[in-house]
């Protein structure tokens, strides 16, 4: 059985920049071959953990707010330990991406390669599109993930 790679685009496309993770997933559908599972998810922790189970590599993309300029891209290798304390609010979702990753680690469900990309958001206004810096960042993140997956493919 081939090693499973999954991309999880997390967010709500109806809430402005909160849709950044899902926008990256949609871009990657056109950039990657069929060997990568690409999933859009709303950020519910147990569903996220279920998708991670059994994967060899996972790339999780979500919007964040850490007071950096909109469109700033944060890349964190979750396999080197807990996400930085400043990143505990990486996710805009209830349970939180950081908490879900730590639960996955505790349950032994964290893939051997788990990379988090967080895109700094500007606004979560209902019905708004991605702001320009976030839209630009989604293309950058999609290209980085495509490169990483291609570089690590057997």
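I'm checking a number: the convex hull volume of the Cα atoms of the chain, normalised per residue, in Å³. What is it?
99 Å³
I need the peptides 69-75, 9-15 ranked by packing, meaning the mean over residues of other C-beta atoms within 10 angstrom, with the highest value on top.
Descending packing order for the listed peptides: 9-15, 69-75.
Springs between alpha-carbon pairs under 10 angstrom, Gaussian network model over the chain: which of 63, 121, 55 fluctuates most?
Among 63, 121, 55, the largest GNM mean-square fluctuation belongs to 55.
What order do you get for 33, 147 when you list them from fewest to most C-beta neighbours inside 10 Å?
Placing the least packed residue first, the sequence is 33, 147.
Report, for the chain, the % of DSSP beta bridges that are antiparallel, rounded to 5.
20 percent
Give the order of 131, 64 when sorted by the count of other beta carbons within 10 angstrom, beginning with the fewest.
131, 64
Relative contact order, percent, of the chain when contacts are C-alpha pairs under 8 Å separated by at least 6 residues?
32 percent
Go ahead and estimate [θ] at 222 nm for the chain from helices alone: -39,500 (n - 2.57) per DSSP H run with n ≥ 4, summed, over the residue count, rounded to 500.
Per the formula, -10000 deg cm²/dmol.
Stretch residue 136-residue 123 to full length: gain in nm at 0.36 nm per residue minus the Cα-Cα span?
3.2 nm
Rule-based calculations on the coordinates, nothing more; no lab input. Given the structure is predicted, the values throughout are model-derived calculations rather than measurements. Cβ atoms come from the backbone with ideal geometry, glycine included; neighbour counts cover every protein chain shown.
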